[in-house]
Structures are given as structure tokens and as C-alpha cells.
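Student: I'd like to ask some things about the structure below.
The values are calculated or read from the model by the stated rules, or taken from the named source; none is laboratory data. Note that the coordinates shown come from a computational prediction; the quantities given were computed from them, not determined experimentally. Reconstructed Cβ throughout: ideal geometry from the backbone, glycine too, with neighbour counts over all protein chains shown. Side chains included, ligands, DNA and RNA excluded: accessible areas come from the protein's heavy atoms. Shrake-Rupley method; radii C 1.70, N 1.55, O 1.52, S 1.80 Å.
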Amino acid sequence: SLSDIKIEASLYVNLTYYILRIIAPVLIFVSLGLFTLLKARENTEAQLQVATTVMVALVAYQFVINSTLPKLPYLTLIDMFLLASVASSAFIILFNLVPHLEKKDTRVSEYLFMLSRVGGVGGYAVSAMILIYGLWLYAQS
């Protein structure tokens with residue numbers, strides 16, 4: 001009978017590939033964007049250019065990554081990690097836009113400044129937590 005058939009499969013995941021080819025470059029990109037948060041807000045145009053370049057590099061790199069990963073109908077940990085990294089970069093761009101808005105409305109710019117700083121660092125923290133959780137899951141299997 002068909003209910004008695006048991007199929008056993010063993011799968012191997014090359015963790016080194018994911019760490020070296022996907023996770024490390026994305027963390028480097030987002031770290032470069034975070035460095036614009038640490039600098040004094042004196043040369044905001046250059047900081048905005050760096051943050052925007054990081055975002056463009058992340059999106060381009062995501063296209064390259066997506067061509068190598070399998071197409072799945074659900075989000076994987078790598079997908080969540082990439083989304084959190086892109087969100088973090090978006091908040092960093094917002095942070096670097098705030099000095100340009102300060103001349104218009106200080107109340108709005110103070111709110112955006114706080115939101116973008118928390119979002120940029122928070123997005124990076126979420127990316128790190130997703131990465132740690134994925135490594136923990138891998139170690140459990």
C-alpha cells in the first residue's frame with residue numbers, strides 16, 4: 001500500500017557560499033552606509049551621495065543574487081536579510097536628506113532625523129538578528 005512508503009533524503013547546504021558570496025558583501029555595503037551616520041553633518045551632499053550609491057549597489061547586487069537563488073513562493077531567511085538591508089539603507093538615505101529639509105520645517109526635520117537614525121541602525125540590527133537566527137537554525141540541523 002502507498003501509506004507504507006517512506007522516502008528519506010539528505011540535503012547539503014554550502015553555508016560558506018552564502019556567507020562569502022551573499023551575506024558578507026551585503027553587510028559591507030550597509031556598513032559603508034552606516035558610516036555616513038557617524039560623520040558630522042557638515043558635508044551632507046557627499047554623505048547623501050555615499051548613501052545613495054550604497055542603495056544602488058545593494059539593489060544591483062540583489063538582482064545578481066536573485067539570478068543564482070531558486071525561485072520560491074515564500075520568503076527565505078536570505079530574502080528577509082536582503083529586505084532588512086535595503087530598508088536600512090533607505091533609512092540611511094532619509095537621514096542624509098534631513099539637513100536639506102531643516103531649512104523648510106524644523107519640526108518635521110527633527111522627527112525625520114530621529115526616525116531615520118533609529119531606522120538605519122535598527123534595520124542593520126534586524127539584518128544581524130536574521131543572520132544569527134539562520135546560523136542558529138543551520139547549527140540545529
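Student: Enumerate the pairs (first residue in the stretch 12-27 and modelled with pLDDT of 85 or more; second residue anywhere and among the β-branched types (Val, Ile, Thr)) with beta-carbon separation below 7 Å, excluding pairs fewer than 6 apart on the same chain, so at least 6 apart or on different chains.
Tutor: From residues that are modelled with pLDDT of 85 or more, the pairs are Ile22/Ile65; Ile22/Ile78.
Student: Let me ask something else. Within the stretch 19-38, can you find the residues that are touching a Phe, Trp or Tyr at 6+ places or on another chain (Cβ under 9 Å) and not aliphatic (A, V, I, L, M)?
Tutor: Pro25, Phe29, Ser31, Gly33, Thr36
Student: Turning to a different aspect of this structure: Against the condition over 11 Å from the mean Cα position of the chain (by Cα) and at pLDDT below 85, how does Ala51 come out, does it pass?
Tutor: The answer is no for Ala51.
Student: What about Ala139, is it closer than 21 Å to Ile28 by Cβ, in a helix (DSSP H, G or I) and either at pLDDT below 80 or open to solvent by less than 60 Å² (accessible area, probe 1.4 Å) (or both)?
Tutor: no
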